[in-house]
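Structure, as structure tokens:
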Amino acid sequence: MVEGAPFALIDGHGDPHLHPEGVVQAELMAERLASTAEPIAAIYVTTLTRTHQTAAPLAERLGLEPIVTADLREVFLGDWEGGELRRRVADNDPIALELYAQQRWDVIPNAEPDAEFQARVRRGIERIAADHPDQLVAAVVHGGVIGQAMNIASGATGFTFQGASNASITHLVIEPDRWVVRCFNDTGHLWPTFSAEPSVT
């Protein structure tokens, strides 16, 4: 991304490519996941480019073709898509301050309603679980989606689990009557490339 220039959009969503550091992190993530004791049965990505690029090294190692699921694309930020959120937060925009006070993305004008975002994340994850009973799958998604999934699993609300690091690993077990959290934001495989500064959606 060129400083001051907006991200390209796809279906209205900001669609930046991975930063060079992200390419390295994707390789490290692939190395970690390819060595799991339980084989990965499928890899899921979203409609946005960065998930395809992040998943590519793992897909190559495992010989799997990633499956696209639109339900797990990032939260839609309405008028603040294309990198506008970052600028507004940096400028201490009053709406950005209210966004964090209320801990709801839909404080942003024309952003996706919170209930709709939660419903589609739940739908996307439950559909994957139904298609892969008793199997391990990798879903390469976005920070807002990870936060929402963790809220569903744990009963938390708001931005409790926002700020998952790029190429981190969060492990959920999806059962018919509950979601179980095994880990959140595991970055052990990323050292020494890991930046302590969390990503902004």
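The values are calculated or read from the model by the stated rules, or taken from the named source; none is laboratory data. Quantities reported herein were computed from a predicted structural model and do not represent experimental measurements. Glycine also receives a Cβ, built like all others from the backbone with ideal geometry; neighbour counts cover every protein chain displayed. We work out accessible area using only protein heavy atoms, side chains counted, and drop any ligands, DNA or RNA first. Shrake-Rupley method; radii C 1.70, N 1.55, O 1.52, S 1.80 Å.
Descriptive notes on the structure:
- Hey, A59 touching a strand residue (DSSP E or B) at 6+ places or on another chain (Cβ under 7 Å), open to solvent by less than 70 Å² (accessible area, probe 1.4 Å) and over 20 Å from G147 (Cβ atoms) or not: yes
- The C-beta contact set for region 78-89 (first residue farther than 12 Å from A8 by Cα, second residue part of a helix (DSSP H, G or I) and of a type in the set (A, V, I, L, M, F, W, C), distance under 7 angstrom, 6+ apart or interchain) comprises R88/W80; R88/I95; R88/A96; V89/A96.
- Just so you know, in region 1-29 the residues that are modelled with pLDDT under 80 and small (G, A, S) include one that is nearest to L136 (Cα to Cα), and it is G14.
- Whichever residue in region 102-135 is more than 18 Å from the chain's Cα centre (by Cα) and hydrophobic (A, V, I, L, M, F, W, C) and, among such residues, is nearest to E65 (Cα to Cα): A130
- Qualifying residue in region 66-80 (condition: surrounded by 13 or more Cβ atoms within 10 Å (Cβ to Cβ), of a type in the set (D, E), in a helix (DSSP H, G or I) and touching a Leu at 6+ places or on another chain (Cβ under 9 Å)): no
- Scanning region 143-161 for residues that are within 18 Å of R73 (Cα to Cα), in a loop (DSSP other than H, G, I, E, B) and out of contact with any Ser or Thr (no Cβ under 9 Å at 6 or more places or on another chain) yields a single hit, F159.
Table: residues versus (1) at pLDDT 95 or above; (2) more than 22 Å from G188 (Cβ to Cβ).
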residue: E31; (1), (2): yes, no
residue: T36; (1), (2): no, no
residue: I43; (1), (2): yes, no
residue: A55; (1), (2): yes, no
residue: D71; (1), (2): yes, yes
residue: W105; (1), (2): yes, yes
residue: N110; (1), (2): yes, yes
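- A search for C-beta distances below 9 Å between a residue of region 92-112 that is over 22 Å from N151 (Cβ atoms) and any residue that is among the acidic types (D, E) and surrounded by fewer than 14 Cβ atoms within 10 Å (Cβ to Cβ), counting only pairs 6+ apart in sequence or on different chains, returns P109/D79; N110/D79.
- For N166, the conditions (1) assigned to a loop (DSSP other than H, G, I, E, B); (2) without any contact (Cβ under 8 Å) to a residue 60 or more places away in the chain; (3) of a type in the set (S, T, N, Q) are fulfilled apart from (2).
- For region 95-126, residues that are open to solvent by 20 Å² or more (accessible area, probe 1.4 Å), assigned to a helix (DSSP H, G or I), under 22 Å from W179 (Cβ atoms) and touching an Asp or Glu at 6+ places or on another chain (Cβ under 7 Å) total 2.
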